[in-house]
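A.B. asks: Can you read through this structure? Questions will come right after.
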Amino acid sequence: MEQLFRSYLELLRSIVSNLERLTKLVHRKIEVAQTDDLEALHEILNEEQALALAFRGQEQKRLNLLQELGLSEVPLGQLAAYFPAEMKDAVRQTAAELTEQYRAYRNGAQVARGILEHNLREVDRVLAALNADSTGSSAPVPQAPSAKTDFRV
């Protein structure tokens, strides 16, 4: 049984590590979105997708371990109470790290999403103006202040 507890603790640590990687990616995504670097954004999205697949596997393993331990209904913050005494502090610390890392990721992801949505609205405005201009309208084409990417093929 102690091996199951150790496996679960190691899995939590692995999740924290992957979440740290994901948080770094989201901060890079913010940087490249602000500089309109579509190639770098594409690479980041691919890395995020690979991490998402890893998280799915980890989540399945986590659920299976919790079931084997009989702790399926126990919230993360209360898990330490069920672990052997010598592991309680490590579980408590790892759970706190996981919670904090998740909070950091969510905050960064919200910022990145806002920037990307803003950039997409800018692109839509420019395309709409170009479309209106090509139909003979005399409406001026707005210049996006941060449009640094050339979308021509």
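A.B. asks: Let me know the charge dipole size of segment 1-118 about its Cα centre in debye, to the nearest 20, where only the beta-carbon of Lys, Arg (+1) and Asp, Glu (-1) is charged.
C.D. replies: Details: 14 positive and 18 negative charges, 58 e Å.
Here segment 1-118 has a charge dipole of around 280 debye.
A.B. asks: Right, another one. Might you tell me the accessible area per residue for the chain, computed with a 1.4 Å probe and given in Å²? Intermediate results must be reported in sequence, preceding the final value.
C.D. replies: Details: 10140 Å² over 153 residues.
Here the residues of the chain average 66 Å² of exposed surface.
A.B. asks: Ignoring ligands, DNA and RNA, what percent of the 1.4 Å accessible area of the chain is carbon and sulfur?
C.D. replies: Whole-percent figure for carbon plus sulfur exposure: 53.
A.B. asks: Another question, if that's okay. Kindly count the pairs of lysines across the chain whose alpha carbons are less than 25 Å apart, treating pairs on different chains or eight or more residues apart as eligible.
C.D. replies: The number of close lysine pairs in the chain is 4.
A.B. asks: Before rounding to the nearest 500, sum -39500 (n - 2.57) across all DSSP H runs of length at least 4 in the chain and divide by the residue total; then give [θ] at 222 nm in deg cm²/dmol.
C.D. replies: -27500 deg cm²/dmol
A.B. asks: Moving on to the next point. How much length is gained on full extension from Leu63 to Leu130, taking 0.36 nm per residue of separation minus their Cα-Cα distance?
C.D. replies: 18.9 nm
The values are calculated or read from the model by the stated rules, or taken from the named source; none is laboratory data. A quick note: this is a predicted structure, and the numbers were derived from the prediction, not measured. A quick note on method: Cβ atoms are made from the backbone with ideal geometry, for glycine too, and the neighbour counts reach across all protein chains shown. Quick note on the areas: whole protein, heavy atoms, side chains included, nothing else; ligands and nucleic acids left out. Shrake-Rupley method; radii C 1.70, N 1.55, O 1.52, S 1.80 Å.
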